[in-house]
Amino acid sequence: MENNKQLYKFEIAKYLGVSSDSVFLFNKGRVALYTILKVYDIKDGDEVIIPAFTCVVVPNAIIYCNAKPIYVDIDAKSYNIDTSLIEAKITSKTKAIIAQNTFGLAPDLNELKRIADKHNLILIEDCTHGFGGSYFGMKNGTIADASFFSTQWNKPFSTGLGGFAIVTDDRIRVKFEALSSHLITPSKKEEIMLSLLITARKYFLKPFIYFQLVKLYRLLSKLNIVQGSSSGIELESTNMPNNYLTGSGNVQAIVGVKSIRKIDQANQDRRISAKIYNELFENLGFPTINIPVSENHIFLKYSILVNNRKWVFEQAEKFKVELGEWFISPIHPIEEHFEKWFYTYGENSIAEYASKHIINLPIIASVNEAYRKRIINFIEAIKPELIVP
Ligand SMILES: Cc1ncc(COP(=O)(O)O)c(C=O)c1O
């Protein structure tokens, strides 16, 4: 059992070029973030700067430490934090900045480091979208003071649910080890359920039943029949759910080892898909869509903006195209009661506009010809609704 986890840590460490001792495994990326915040002593009254285009579990982890998330608007092209707006938000209470690599594109880490150093802040990389990407040749997750990754269903590689942290500072590592030794171990039942879901996903999640299966999974996890990515309480309140502080299971370690060995091919497929989409949109008379093509971008998502998103989703269902809907809110997937997360709607116009109009196209490089044709026909059908970046 422990051997699987050791091997998984070794594979992660080898890939990132860090030592195995720097890798800490968790049941979810959010728990890795929470532990990082705790280890850096983020507490009552502290403030943590995050992009206003993230998943609600990020502000949740901050709030569980009794600290306050401070939102900064994003850059319209990269969907990453707009670094020019950060310093205006720094106060004497600010303790950390979260550098999220949205959809797999690293943010401007040189500038973020400069700001963090100048104001004596901790810089934490949120690499939940970006395993395998890099910034000026440095692997995502190896640049800031600490970083965390997710291996949940839709991430660069998946172990169903899962996450890990990278902490290279020796002094911090000792504290990290102490805290993570108190984590709960997933139960046998949870392990079996996860392994069944991973198998089901592998064999059954095909484009023609994608929408039905996603709806079924959401329903079963809402009813607590299967373990979902987020429990109801995480989406309705800022209270920490029971069993939040869970470590990695054996199943996650076994699947992780296999998946990590295939990550470069998977990321290559994503980059090829992005290139195909870029050409496609240019042929349709659109300039290259939004995201700058960068060698270092892994294109976890290829995002475009559309009007009338509801109709576009209906078309996707009709054409059987697996559209994604990240991030439909500045604190995805929250659509009301923003104040609970200290978010004031109306303050981050670019993130709010993007979250109203964004859709994510599926990976296209490795699909068969018939499916690729369907995707192209779908894009042609929704052409009147495309928003020029
Ligand atoms: C930007 C971002 N950060 C953190 C997380 C949390 O990852 P996990 O689901 O493994 O807790 C997510 C999840 O999708 C995310 O999108």
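The values are calculated or read from the model by the stated rules, or taken from the named source; none is laboratory data. Treat the numbers as computed from the prediction; the structure is a model and nothing was measured. Every residue, glycine among them, receives a Cβ derived from its backbone with ideal geometry; neighbour counts consider all protein chains shown. Heavy atoms of the whole protein, side chains included, go into the accessibility calculation; ligands, DNA and RNA do not. Shrake-Rupley method; radii C 1.70, N 1.55, O 1.52, S 1.80 Å.
When restricted to residues that are under 29 Å from V56 (Cβ atoms) and open to solvent by 40 Å² or more (accessible area, probe 1.4 Å), the range 16-43 contains 4.
Which residues, taken from the range 158-172, are surrounded by fewer than 23 Cβ atoms within 10 Å (Cβ to Cβ) and closer than 19 Å to Y135 by Cα? Across the range 158-172, the qualifying residue is only T168.
Here are P69, P51: which of them is within 20 Å of E236 (Cβ to Cβ) and modelled with pLDDT of 95 or more? Give the derivation first.
On the way: P51 fails: within 20 Å of E236 (Cβ to Cβ).
Matching residue, one of P69, P51: P69.
Within the set F164, F157, F131, F176, the sole residue that is at pLDDT 90 or above and touching a Ser or Thr at 6+ places or on another chain (Cβ under 6 Å) turns out to be F157. In the range 143-165, of all residues being assigned to a loop (DSSP other than H, G, I, E, B), more than 13 Å from the chain's Cα centre (by Cα) and over 18 Å from N80 (Cβ atoms), the one that is farthest from the ligand (Cβ to nearest atom) corresponds to D145. Given the condition over 21 Å from V58 (Cα atoms) and surrounded by fewer than 23 Cβ atoms within 10 Å (Cβ to Cβ), answer yes or no: does some residue in the range 139-148 qualify? The answer is yes; a qualifying residue exists. Quick check: anything in the range 235-251 within 16 Å of T159 (Cα to Cα) and away from the ligand (no atom under 16 Å from the Cβ)? Checked against the condition, which is being within 16 Å of T159 (Cα to Cα) and away from the ligand (no atom under 16 Å from the Cβ), the range 235-251 yields at least one hit.
Specify the residue that is farthest from the ligand (Cβ to nearest atom); the eligible residues are those in the range 319-351 that are in a helix (DSSP H, G or I), touching a residue at least 12 places away in the same chain (Cβ under 8 Å) and more than 18 Å from the chain's Cα centre (by Cα).
F319
Summed over the range 352-365, residues that are open to solvent by 20 Å² or more (accessible area, probe 1.4 Å) and either small (G, A, S) or part of a loop (DSSP other than H, G, I, E, B) (or both) total 2. Kindly establish whether K175 is assigned to a helix (DSSP H, G or I), under 30 Å from S134 (Cβ atoms) and either hydroxyl-bearing (S, T, Y) or more than 15 Å from the ligand (Cβ to nearest atom) (or both). In short, yes. Out of I74, I70, one residue alone is touching a residue at least 24 places away in the same chain (Cβ under 8 Å), in contact with a helix residue (DSSP H, G or I) (Cβ under 6 Å, 6 or more places away or on another chain) and away from the ligand (no atom under 14 Å from the Cβ). It is I70. The lone criterion from (1) closer than 23 Å to G285 by Cβ; (2) over 20 Å from the mean Cα position of the chain (by Cα); (3) aromatic (F, W, Y); (4) open to solvent by 10 Å² or more (accessible area, probe 1.4 Å) left unmet by F313 is number (1).
Just to be sure before I move on: is A116 part of a helix (DSSP H, G or I) and either buried (at least 21 other Cβ atoms within 10 Å of the Cβ) or under 13 Å from the mean Cα position of the chain (by Cα) (or both) in the structure I sent? Yes. In the set I86, I90, I50, only one residue is within 14 Å of the ligand (Cβ to nearest atom) and either farther than 15 Å from G163 by Cβ or crowded, with 24+ Cβ neighbours inside 10 Å (or both); that residue is I50. Given the residues T128, T168, which is the only one that is more than 16 Å from the ligand (Cβ to nearest atom) and of a type in the set (S, T, N, Q)? That would be T168, the only listed residue that is more than 16 Å from the ligand (Cβ to nearest atom) and of a type in the set (S, T, N, Q). Taking each residue of the range 93-109 that is closer than 15 Å to D75 by Cβ and looking for partners that are open to solvent by 20 Å² or more (accessible area, probe 1.4 Å) and modelled with pLDDT of 95 or more with beta-carbon atoms closer than 6 Å, six or more apart or interchain, yields D108/T83.
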